[in-house]
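Student: Shown below is the structure under consideration.
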Amino acid sequence: HTGEWPWECGKGFRHSSNLICHHGIHSSKRPYSCLQWGKSFKHTSQLKVHQKTHQETPYECPQCRKSF
């Protein structure tokens, strides 16, 4: 093991956890899937944001009718 990665993007990180998370952008893998639509994401945080689109939106703006 040489300690080198198979790609060189120039990014640096203070914490190894951030580096591990960053590795996902160099991969085509999308291991986190929405069970309702089947859409896939690289990070759990992206899936969580997407899942909020399936939740009820009880608050509606009286001017534009957009729900939140």
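Read-outs throughout are calculated quantities, based only on the coordinates presented, and are distinct from any laboratory measurement. Predicted, not measured: the structure shown is a model, and the values here were computed from it. When we count neighbours, we look across all protein chains shown, and the Cβ atoms used for this are built from the backbone with ideal geometry, even at glycine.
Student: Just want to confirm a number: the relative contact order over the chain, from Cα pairs under 8 angstrom separated by 6+ residues, in percent. Could you put the intermediate results ahead of the total?
Tutor: Values: 41 pairs, mean separation 10.8, N = 68.
Rounded, it is 16 percent for the chain.
Student: Reported to two decimal places, what Rg/Rh ratio describes the chain when computed on Cα atoms with Rh from the Kirkwood expression?
Tutor: My calculation of the ratio gives 1.19.
Student: Quote to one decimal, in nm, the extra length available between ILE25 and THR44 on full extension: 0.36 nm per residue of separation minus the C-alpha distance between them.
Tutor: Values: separation 19, 0.36 × 19 = 6.84 nm, distance 1.34 nm.
Gain on stretching ILE25 to THR44: 5.5 nm.
Student: In nm, what is the difference between 0.36 nm times the number of residues separating HIS15 and LYS52 and their Cα-Cα distance? Mind dumping the intermediate values first?
Tutor: On the way: separation 37, 0.36 × 37 = 13.32 nm, distance 2.92 nm.
10.4 nm is the gain from fully extending HIS15 to LYS52.
Student: Which of the lysines could be linked to LYS39 by a straight reach, that is with a Cα gap under 25 Å, when you skip same-chain ones fewer than 8 residues away?
Tutor: Cα-Cα hits under 25 Å: LYS29, LYS48, LYS52, LYS66.
Student: Extending each Cα 7 Å along its Cβ direction at LYS66 and CYS34, get the distance between those two points in nm, one decimal.
Tutor: 1.8
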